[in-house]
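Please read the structure below before turning to the comments.
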Amino acid sequence: MGKSRTVTVTVTKTGTELTIGLDRYEGTPGVINVLGSLYKAGTINILRGKTIQLFVAGSPLATTTTDLNGRYRFTFSVGAERYSFQAKFPGDASYASSSSPLVIGDYGKIGTSLTIDVNPIAGGAPLAVTIFGLLSRTDTGGPLPGKTVELWRDGSKINTQVTKTTSPGQGAYEFHDTISTEGDHSYYVYFTGDIQFEGCEAGDGATVVDGIPPDEEPPVGAGLGVLLLALMVLSQE
């Protein structure tokens, strides 16, 4: 009998290429699409029904399969930060694994600003006060309707409301308050921000109860002049 012989069989898998792209590489936080296609290496022949994994910042996030056109799509919600995205095909019995290039997306919140007006700014107790203004975005200057703003007086939150959503006056707010304590009081309005917009504040809406604000006090000389004029009139009678 002859000696048996060991035969080594090498099975070569077909190479693959995986693409990746973002429908929005930068801008404001929100929903984006991560998408691409899987091909046989060196060709334009697509591969259908193959498993694709999405990695965000190096960690696996979700899995999907390529469609009839060899394409995949992931819908992902981004916050205000920088993200790295990569797709991977783990391979199968016929096709070798492959990874897409790494792509970066930068997303940042839009700045905001608040105005504040207080009316009246002085009076006797109890003093009914209206605090009003506008919340807007700094990139376009446009109003921000439907956002929650907070009213603070003397360091304590006293009310909240949602900025106006209908025209005219979109983005406007209006608070009503009553001050019963004599003295100086300060109002502040805050927008805490959300996933798309940065927070902001407007303050120093000063109100004086039972007094005259320092910047509205009449000059000392003016009071003396009125007194002298009154004495002159009396002396001529």
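Across segment 67-84, which residue is surrounded by the most Cβ atoms within 10 Å (Cβ to Cβ) among those that are under 22 Å from the mean Cα position of the chain (by Cα) and within 13 Å of Phe55 (Cβ to Cβ)?
Tyr83
Could you please find all residues in segment 170-209 being small (Gly, Ala, Ser) and over 21 Å from Pro120 (Cα atoms)?
Gly171, Gly193, Gly199 - these are the residues of segment 170-209 that are small (Gly, Ala, Ser) and over 21 Å from Pro120 (Cα atoms).
Residues of segment 90-119 being within 15 Å of Arg153 (Cα to Cα), touching a residue at least 24 places away in the same chain (Cβ under 8 Å) and surrounded by fewer than 16 Cβ atoms within 10 Å (Cβ to Cβ), which ones?
Step one: of segment 90-119, the residues within 15 Å of Arg153 (Cα to Cα) are 116-119.
From what is left, the residues that are touching a residue at least 24 places away in the same chain (Cβ under 8 Å) are 116-118.
Asp117 - this is the single residue of segment 90-119 that is within 15 Å of Arg153 (Cα to Cα), touching a residue at least 24 places away in the same chain (Cβ under 8 Å) and surrounded by fewer than 16 Cβ atoms within 10 Å (Cβ to Cβ).
What number of residues in segment 86-125 are of a type in the set (Gly, Ala, Ser) and not in a strand (DSSP E or B)?
Counting residues in segment 86-125 that are of a type in the set (Gly, Ala, Ser) and not in a strand (DSSP E or B) gives 10.
Among the residues of segment 48-67, is there at least one that is outside any strand (DSSP E or B), more than 30 Å from Thr140 (Cβ to Cβ) and among the hydroxyl-bearing types (Ser, Thr, Tyr)?
Yes: one or more hits.
Could you tell me how many of the residues in segment 135-169 are over 30 Å from Gly124 (Cβ atoms) and not polar (S, T, N, Q)?
14
Only the coordinates and a few stated rules stand behind these numbers; no lab work does. Quantities reported herein were computed from a predicted structural model and do not represent experimental measurements. All Cβ positions, even for glycine, are placed from backbone atoms using ideal geometry, and neighbour counts span all protein chains on display.
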